[in-house]
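Working notes, structure below.
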Amino acid sequence: MPRLPQDRLNRYAALANRDLFDLKDPDFGPFLRRAVDEGVEMVSNNFNTLGMFRAPHTKDLDALDLAMIGLPLDLGVPNPRPGTRKGPEAVRYWSLDRNMVNHFTRTCPYDLCRIADWGDLEFSTNPYSLDACLDDITALYADLVKNDVTPLSIGGEHTCTYGILRALSNNGEDPLALVHIDAHADTATNFQGVRVSDATLFQVATVEGFIDPEKTIQIGLRGRGVPRAEFGEQAGMRVMLAEELQSRGVEYALEEARRVVGSDRVYLSIDTDAFDCSVMPGTTLPEPFGLTGEQVRDIIRGLYDVNVVGADLVELSPPYDPTGMSACLAAGTAFEMLCLLAEARSRRHGERRPTHWT
């Protein structure tokens, strides 16, 4: 091959002679340059100082549209596999390896909403009592509702979702539709004598009117959780086993989800054991033959036209995956959820309110 012409080499040199974030992309270039100008550490991965996905830190709810909150709780796990209290820390760490913009959907959440990492909830009422911790969650999320702040929550055990639903539904006065992605139904009845746990929370939330079971779809169920799905089926939930999605495809699952939830306010809850255990060993109850990362990602992206008012990612248990890849996948999933929530929030309010770091 002959030497490349000098004019081509000159052109390549001119393309390379610019700052790292001096990008021509009309969607992302202006935002990334603005973030740099506002002091965002774009290369550092110091998760001790940087917020989740490099968001600013604040607890001032008046200044927020969307808050990312850690819920480090594992008191209600019904077997000897604690560890989910380390989930928020691990997601924060791996979030710094994610982009601040979605390269595929072209979503820039920080250009749509005022977003911040609120931090982790400190369970101060009685940290040894699961009921008291759930009350702490409800109290915080009631403040979010009062201030019209959309929550993205990182657990923590799945029981946390009960406290969130109680607040977002105004204690049942305004029930929510639900998209629930999980290996297990979490609708067990009279499970080991405990009313609310990560095995019973959606049964109790149904009984107490926080969610409408006829507006609820559960996706990805399999294995030990299937017999305990009977309550949900009898109450009117659409239960989609993992095998049904795997044989008929993500778009089929999305059509069913949209049919079930309609235009109602929707809460999205994802348990990390929805993923196959080969890619998600770091979860409380790993199950084989589950969903792939791509399938869960595409379900989230397919909900962009749904009125999602909050979401959580729960049951990440980092101690069971020393490689960190479970947390890496969880962080990637959480970013897709952040983009989904920002799109829905901006569309619902009919405005864009960018995040600022200064």
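The values are calculated or read from the model by the stated rules, or taken from the named source; none is laboratory data. Everything numeric here is computed off the predicted structure, so don't read it as measured data. Virtual Cβ from ideal backbone geometry, glycine too; neighbours counted across all protein chains shown. Protein only, heavy atoms only, side chains kept; ligands, DNA and RNA dropped before computing areas. Shrake-Rupley method; radii C 1.70, N 1.55, O 1.52, S 1.80 Å.
Projecting the Cα atoms of Leu176, His103, Leu140 onto the dipole axis of the stretch 90-176, where Lys and Arg carry +1 and Asp and Glu carry -1 at the beta carbon, places His103 farthest toward the positive end.
Within the stretch 203-329, what percent of beta bridges assigned by DSSP are antiparallel, to the nearest 5? Of all bridge pairs located within the stretch 203-329, approximately 10 percent are antiparallel. For the stretch 272-358, the pair-distance distribution built from all alpha carbon pairs, in bins 10 Å wide starting at 0, is 17, 41, 27, 14, 2 percent.
Site pair Ser247 and His103 shows an inter-label distance of 3.6 nm when each label is modelled 7 Å from Cα along Cα→Cβ. Within the straight-line cut-off of under 28 Å between alpha carbons, the lysines reachable from Lys215 are Lys146, sequence neighbours fewer than 8 places apart in one chain being disregarded. Packing, as the average of other Cβ atoms within 10 Å across residues, places the peptides 298-308, 25-35 in the order 298-308, 25-35, highest first. Counting only DSSP beta bridges with both residues in the stretch 254-318, the antiparallel share comes to about 10 percent. The solvent-accessible area of Met325, taken with every protein chain present and a 1.4 Å probe, is close to 90 Å².
Most tightly packed first, judged by the mean number of other beta-carbon atoms within 10 Å of their residues, the peptides 312-321, 44-53 read 312-321, 44-53.
Of the peptides 65-75, 223-233, 168-178, the order by per-residue mean of other Cβ atoms within 10 Å, starting with the highest, comes out as 65-75, 168-178, 223-233. In whole percent, and with a 1.4 Å probe on the protein chains, what portion of the accessible area of the chain is carbon and sulfur? Carbon and sulfur together cover 51 percent of it.
Looking at the chain only, what percent of DSSP beta bridges run antiparallel? Nearest 5 please.
5
Separation of the stretch 167-185 and the stretch 98-150, taken as the distance between their Cα centroids, equals 16 angstrom.
For the stretch 21-152, what log10 I(q)/I(0) values come out of the Debye formula at q = 0.17, 0.21 1/Å, with one point per alpha carbon and no solvent? At q = 0.17, 0.21 Å⁻¹ the computed log10 ratios are -0.98, -1.28. The mean accessible area for residues of the stretch 208-358, using a 1.4 Å probe and ignoring ligands and nucleic acids, is 38 Å² per residue.
Treating r as the C-beta distance of Met325 and Asp143 and R0 as 45 Å, the FRET efficiency rounds to 0.80.
Helical runs (DSSP H, four residues minimum) scored at -39500 (n - 2.57) apiece and divided by the length of the chain put the mean residue ellipticity at 222 nm at -10500 deg cm²/dmol.
Placing pseudo-labels 7 Å out from each Cα toward the beta carbon at Leu23 and Asn307 gives an inter-label distance of 3.3 nm. Translational diffusion of the chain was estimated from the Stokes-Einstein equation, with Rh taken as the Kirkwood radius over Cα pairs; at 37 °C and 0.692 mPa s the coefficient is 158 µm²/s. Counted as membrane-span-like here are DSSP H helices of the chain whose alpha-carbon atoms extend 20 Å or more along the helix's own axis and whose Kyte-Doolittle mean is -1.0 or above; these are 130-146, 325-349. For the stretch 42-101, the solvent-accessible area of protein heavy atoms averages 40 Å² per residue (probe radius 1.4 Å; ligands and nucleic acids excluded).
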